[in-house]
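The values are calculated or read from the model by the stated rules, or taken from the named source; none is laboratory data. Note that the structure is a prediction, hence the values are computed from the model and not measured. Here the Cβ is made from the backbone with ideal geometry for all residues, glycine too, and neighbour counts use every protein chain on show. What goes into the accessible areas is simple: the full protein's heavy atoms, side chains included, and nothing from ligands, DNA or RNA. Shrake-Rupley method; radii C 1.70, N 1.55, O 1.52, S 1.80 Å.
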Amino acid sequence: AWLIRTDAQGDTLWTRTYGGSHEDIGTSVQQTADGGFVMTGWTGFGFIEFVGTPLDADVWLIRTDAQGNGGWTRTYGGSAPDFGYSVQQTADGGFVIAGATRSYGAGSDDVWLIKTNSQGNIVPLSVSHQRPGLPDGFMLHPAYPNPFNPVSTIRYDLPRVSDVSLVVYDLLGRVVARLIDRQMEPGYHRAIWDGRDQGGREVPSGIYIARLVTPGYTKSIKMVLLK
């Protein structure tokens, strides 16, 4: 994502880039009440070769100071691609994002409206406004296929908004890949591991452990990569 600040004549004052090794896009920016900026768009987690179809993407919220530095980023999404298209600061100092979701709703692309507080955390709904059909409890399901090559899917259930960590370890307890490390909405989710480490390098065949950690729930499953 590329943020460009100009003067009144359109001459560049500074530019900033944000993102990682996959496709990251900014679609909307607004100056905030304190003179900083807030930007939305989406951050991708890999694309099908030659097609450009996202394997997964999450809505992305970026908060900066007046020079485009500092601040924080937040992501929102589920097991399918989700996109942010417009952002506004609200009267309470929080933010509202309009976008599209394939993870939630009636299927295909649905409009998605996200309300956050000033730190980008989703404002919880009251119990009377919770969506029906949510899981009864936390659950990490067995990966499938397993053994696998080259991709396996890990499914997990969240009964409420939760901070989620889903990490793949080798048998020595070393971190191989961090699949999820953010706040997630309640629902039925899945993550995809493509047999690569944090640097995008293919890992050797062997046994790996996927561990899900949320407040009050921790579970690990075994995954076997065969090449």
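Answer with yes or no whether Leu113 is in a loop (DSSP other than H, G, I, E, B), open to solvent by 50 Å² or more (accessible area, probe 1.4 Å) and without any contact (Cβ under 8 Å) to a residue 40 or more places away in the chain. Step through it out loud before you land on a result.
Values: in a loop (DSSP other than H, G, I, E, B): no; open to solvent by 50 Å² or more (accessible area, probe 1.4 Å): yes; without any contact (Cβ under 8 Å) to a residue 40 or more places away in the chain: yes.
The answer is no for Leu113.
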Residue satisfying condition, being closer than 16 Å to Asn121 by Cβ and in a loop (DSSP other than H, G, I, E, B), within set Gly84, Gly93: Gly93
For Lys227, only one of the following conditions fails: (1) assigned to a loop (DSSP other than H, G, I, E, B); (2) among the basic types (Lys, Arg); (3) free of Cβ contacts under 8 Å to residues at least 60 places away in the same chain. What is its number? (3)
Within segment 29-61, considering residues that are under 18 Å from the mean Cα position of the chain (by Cα) and more than 19 Å from Leu179 (Cβ to Cβ), the one modelled with the lowest pLDDT: Thr53
Just checking: which of the strands (runs of 3 or more DSSP E) contained wholly in segment 140-211 hold 3 or more residues that are closer than 16 Å to Asp56 by Cα? 152-158, 175-184, 187-193
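Mind checking which residues of segment 132-158 are among the polar types (S, T, N, Q) and modelled with pLDDT under 90?
Asn149, the sole residue that qualifies.
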Residues of segment 165-198 being more than 20 Å from Thr75 (Cα to Cα) and touching a Ser or Thr at 6+ places or on another chain (Cβ under 9 Å), which ones? Tyr169, Asp194, Gly195
If you go through segment 150-162 one residue at a time, do you hit one that is more than 23 Å from Thr116 (Cβ to Cβ) and free of Cβ contacts under 8 Å to residues at least 24 places away in the same chain? no
Considering segment 1-28, residues that are outside any strand (DSSP E or B), modelled with pLDDT under 90 and more than 17 Å from Gly70 (Cβ to Cβ), and then whichever is least open to solvent (accessible area, probe 1.4 Å), we arrive at Gly20
Leading residue by the ranking (farthest from Met223 (Cα to Cα)) among those in segment 132-160 that are surrounded by fewer than 17 Cβ atoms within 10 Å (Cβ to Cβ) and of a type in the set (A, V, I, L, M, F, W, C): Leu134
